[in-house]
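Here's the structure, in structure tokens; my notes come after.
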Amino acid sequence: MAASQPDLPIRYFETLDSTNEEAKRQALAGATGPLWIVARRQSAGRGRRGRPWASDIGNLFTTGLYRLDCDPARAAQLSFAAALAVGDLCASVIGPEAVTLKWPNDVLVHGHKVSGILLESGQHIRGGLWLAVGIGVNLANHPADSERPATDLHVHGGDISIENAAERLSQRFDFWLNRWAQDGFTPIRESWLSRVHGLGERCVVRLDHETLEGVFADLGPDGSLRLDLKDGGRRFISAGDVFFPGAPS
């Protein structure tokens, strides 16, 4: 893993289908990164599970491209590093007290969603794994009709340019990436838990074919959510949607 770089390359585009798709194209052409791709507008932005991602002008749409020597399961841990980086960006603009993290990789400002994160990966033609770290941050506006209540930094008095936000975000992700490369998932897990929303609270977890209720008890050593069930059982959830009754989750 390369050492942290003082000036990570950032490539700006006026319009892309999605920054993740451009990162894939770059990887398939042999690019290894680190490289950050920013689009001022996306025509086909998407979030987790193929959900469309609103691409309102003035917000940050970016993807970091990296080449890693690990398997996809371990690379997936970097979704938590991405959430920490977004949290750092938001905290630097509006203050840390307003920012919390929600499993698996949502960043909340005063309980409302301010960003989306989507990691994708594949085998790199030069060996190892290419990783696309897709991130959208609501800087200037937010959708009013989203599934989960959303917000943006401007609403809370935070004004930052796309360029400044991209620079801060890329540097913070690079910081957490290098912590992960040097020390494993433990420091990422501990830092994430220190900012988490809903730990110890009752929640509903929606999976593809079932819905579970229980208490969000802990984060597993691999990043899974530990759910303590009503009947005394325990489940570790690796993918799903979490809702906290009575909260804008």
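Some notes on this structure:
- Scan of region 219-234 for residues that are touching a residue at least 24 places away in the same chain (Cβ under 8 Å) and surrounded by 16 or more Cβ atoms within 10 Å (Cβ to Cβ), ordered by number: 219, 223, 225, 227
- Residue tally, condition surrounded by fewer than 17 Cβ atoms within 10 Å (Cβ to Cβ) and in contact (Cβ under 8 Å) with a residue 24 or more places away in the chain, over region 12-30: 7
- Members of region 104-114 that are under 24 Å from residue 66 (Cβ atoms), modelled with pLDDT of 95 or more and assigned to a strand (DSSP E or B): 107
- Qualifying residue in region 77-91 (condition: in the same structural domain as residue 178 (by TED's automatic domain parsing), aliphatic (A, V, I, L, M) and touching a Gly at 6+ places or on another chain (Cβ under 7 Å)): no
- Verdict on residue 91 being under 20 Å from residue 142 (Cα atoms) and within 13 Å of the chain's Cα centre (by Cα): no
- Enumeration of residues in region 197-218 that are among the hydrophobic types (A, V, I, L, M, F, W, C) and either in the same structural domain as residue 144 (by TED's automatic domain parsing) or free of Cβ contacts under 8 Å to residues at least 60 places away in the same chain (or both): 199, 203, 204, 205, 207, 212, 215, 217
- Subset of region 165-199 that is of a type in the set (S, T, N, Q) and surrounded by 15 or more Cβ atoms within 10 Å (Cβ to Cβ) - its residue that is nearest to residue 38 (Cα to Cα): 170
- For region 88-110, a residue qualifies if it is touching a residue at least 60 places away in the same chain (Cβ under 8 Å) and touching a Phe, Trp or Tyr at 6+ places or on another chain (Cβ under 9 Å), and the qualifying residues are 88, 101, 102, 103, 104.
- Where residue 100 falls short, out of the listed (1) more than 30 Å from residue 29 (Cβ to Cβ); (2) more than 16 Å from the chain's Cα centre (by Cα); (3) not in a loop (DSSP other than H, G, I, E, B): (2)
- Listed here are the strands (runs of 3 or more DSSP E) enclosed by region 1-91 that have at least 3 residues being under 16 Å from residue 114 (Cα atoms) and at pLDDT 95 or above: 60-68.
- Residue 216 vs. criteria farther than 22 Å from residue 87 by Cβ, in a strand (DSSP E or B) and not small (Gly, Ala, Ser): no
The values are calculated or read from the model by the stated rules, or taken from the named source; none is laboratory data. Here the structure is a predicted model, which is why all the values come from computation and not from measurement. Heads up, the Cβs are rebuilt from the backbone with ideal geometry, glycines too, and the neighbour counts pull from every protein chain shown.
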